[in-house]
Amino acid sequence: MSRTRTAILAALALVAGASGTALAADPGGVGTAAVPCTVDYKVQNQWSTGFTAAVTVTNQGAAKSNWSVQWSYAGNQKITNGWNAKIGQSGAAVTAANESYNGTLATGGSVSFGFQATYSGTNAIPATFTLNGVTCNVDDGGGGPTDPPDPTGPKVDNPYSGAKVYVNPEWSANAAAEPGGSRIANQPTGVWLDRIAAINGVNGGMGLRAHLDEALRQKGSGELVIQLVIYNLPGRDCAALASNGELGPTEINRYKTEYIDPIAAILADPKYASLRIVNTIEIDSLPNLVTNAGSRPTATPQCDVMKANGNYQKGVGYALNKLGDAPNVYNYIDAGHHGWIGWDDNFAASATLMKEAATTEGATVNDVHGFITNTANYSALKENNFGINDSVGGKSVRESSWIDWNRYVDELSFAQAFRRQLVTSGFNSGIGMLIDTSRNGWGGTARPAGPGPMTDVNAYVNGGRYDRRIHVGNWCNQSGAGLGERPQANPAAGIDAYVWMKPPGESDGASKEIPNDEGKGFDGMCDPAYEGNARNGFNMSGALPDAPLSGHWFSAQFQQLMRNAYPPLS
């Protein structure tokens, strides 16, 4: 049972003396009572030094355009962060006031907020609450300050351990409708919130609450993870036009109030407290500021703008702060992939920038549970036919045109090494990594059975590599790609899970310009005839033809991914 104290106006005045409840004066006469408000204060999780609590306020008085709830602690409880309310504390006195998006409180209406706090000794529940200065009457609600907390405790080390993972019914239906698609239609994939409208559902599709409700249904009596992709930064994807977003480079306030705040409000709903909610935070954002801005030959004017205004760091920090406070939410920051930040110039600099973002806008490293690599990308999980320390004819494999002096040849070695760098840069030692394996299987007839010839270093690497892209910088609807390792928990040291965060069969971008109202531009890297740019060494794009807009269903790609899956599909 949760520790709870419900502030109610009890018309049960006859038992007030026995229960020890203090009731307000009865202005309506004997046997009636004005009900100014009710407050339900629940300690959800409690451990030796801290706790989280959920508070629901119901207004029985006149409608309000703003609200403020106040109480005082009898002990040394100190609130450290909160969500869905602006919470301040002076000594023992606490004030929780509405945010900009939840100030309206109708007669009979309710609002919920929560917080995390520290304490020592006892954790007595407050005896009295006020709403806009009016006292709410308090009754024990059948419990009391000595009721034990829920046994769920603080966040688990790895949310994927011992848990099912949510199957998105919309993606599953698309997959099942494809010939042979039923073989993977029950695999878990990420739910992409790639614009404001996606929160409530687009074109009649499922919104966030609908997904969470379905996740509760799938959960049953066990544990379940639902994976969300938080993906709508101002000036999004400054180096890739196909995935540009709806918000302009300076619209950070819209990102906060119209996008993150509503998501945070939904995730903090006590209804969903039993779910393990994993957020992938803003793919392809922070690494762009390292590799595609400034004096780099790969720099774009759009990335220079975002580096100058700091809105990527501010947006990521704000998202981490607002979303990470709920005890059942786990934030994983996107960390690019080995073919992007595996070079010496990019490796430590990316970790440093991620620490900067994770400590701005009120966020701390405690809001970061881990990092995810290879999101929506194609980098092979493991290259077994050569290693970074190999040499041919006196030349290191790092000198090959494919590896090009990178320190890593595959995603697993990169993710494990980058985890160590992140800890060195100031993140908690317990962080875990996720690797997106949705499209990095590289199976089929083109998969090499062994190393390439030892005639020279390029022949050795190119003949043996599983990743069959023309260049490691190619990212759009890649020809020859296959499904990778199936989602699984604890697959390797430091790795929380292999995941399919990118739903297989959803396009990376249109192969030709398609007018749309989704803010998505045309990127040459999605055109099979494109001859490249500095970011892919001026090579051909390697993209499939006839692709739809990013996020739209691409049947030909889905069929290719199944055909080339590794491990193969049965």
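Of note:
- Angle of helix 208-219 to the longest C-alpha principal axis of the chain, folded into 0 to 90 degrees and rounded to 10: 90°.
- Alpha-carbon centroids, segment 236-262 and segment 476-505: separation in whole Å: 26 Å
- Proximal aspartates and glutamates to Lys382, defined as alpha-carbon separation beneath 12 angstrom and excluding residues fewer than eight positions away on the same chain: Asp410, Glu411, Asp467, Glu485
- Unit charges at the beta carbon, dipole of segment 164-564: most positive-side option, Tyr530, Trp340, Asn384: Asn384
- For segment 265-322 versus segment 374-400, the gap between their alpha-carbon centres in whole angstrom: 29 Å
- For a paramagnetic label modelled on Ile514 (point 7 Å from Cα along Cα→Cβ), amide N atoms under 20 Å away belong, within segment 469-494, to 475-481.
- Full extension of the chain segment joining Lys86 with Thr128 gains 13.2 nm, where the gain is 0.36 nm per residue of separation less the Cα-Cα distance.
- The orientation-averaged projected area of the convex hull spanned by the Cα atoms of segment 37-139 comes to 6.0 nm².
- Acute angle (nearest 10 degrees) that the helix 344-357 long axis makes with the longest principal axis of the chain, alpha-carbon atoms: 10 degrees
- Protein accessible area in the chain, 1.4 Å probe - carbon and sulfur %: 52 percent
- Ser120/Asn490 FRET efficiency (R0 41 Å; Cβ-Cβ; nearest 0.05): 0.75
- In this structure Tyr566 has an accessible area near 100 Å², from a 1.4 Å probe over the protein heavy atoms.
- Principal semi-axes in Å for the chain [√(5λ), Cα gyration tensor, largest first]: 50, 23, 22
- Between Thr364 and Asp404, the simple label model (points 7 Å from Cα in the Cβ direction) yields a spacing of 4.1 nm.
- Label point distance in nm, Thr250-Asn309, each placed 7 Å from Cα along Cα→Cβ: 0.7 nm
- Solvent-accessible area per residue for segment 37-139 (1.4 angstrom probe, square angstrom): 38 Å²
- Each label point was placed 7 Å from the Cα along the Cα-to-Cβ direction; for Lys382 and Asp269 their separation is 4.2 nm.
- Cross-link pairs exceeding 19 Å in C-alpha to C-alpha distance, out of Lys78/Lys256; Lys155/Lys271; Lys86/Lys322; Lys155/Lys322, comprise Lys78/Lys256.
- Solvent exposure of segment 164-564, expressed per residue, is 35 Å² of accessible area, with all protein chains present and a 1.4 angstrom probe.
- Note on Lys307: lysines with a C-alpha under 17 Å away, same-chain residues under 8 apart excluded, are Lys355.
The values are calculated or read from the model by the stated rules, or taken from the named source; none is laboratory data. Bear in mind the structure is a predicted one, so any value in this text is a computation, not a measurement. Every residue, glycine as well, gets a Cβ built from its backbone with ideal geometry; the counts of neighbours run over all protein chains shown. These area figures cover heavy atoms from the full protein model, side chains too; ligands, DNA and RNA do not enter into them. Shrake-Rupley method; radii C 1.70, N 1.55, O 1.52, S 1.80 Å.
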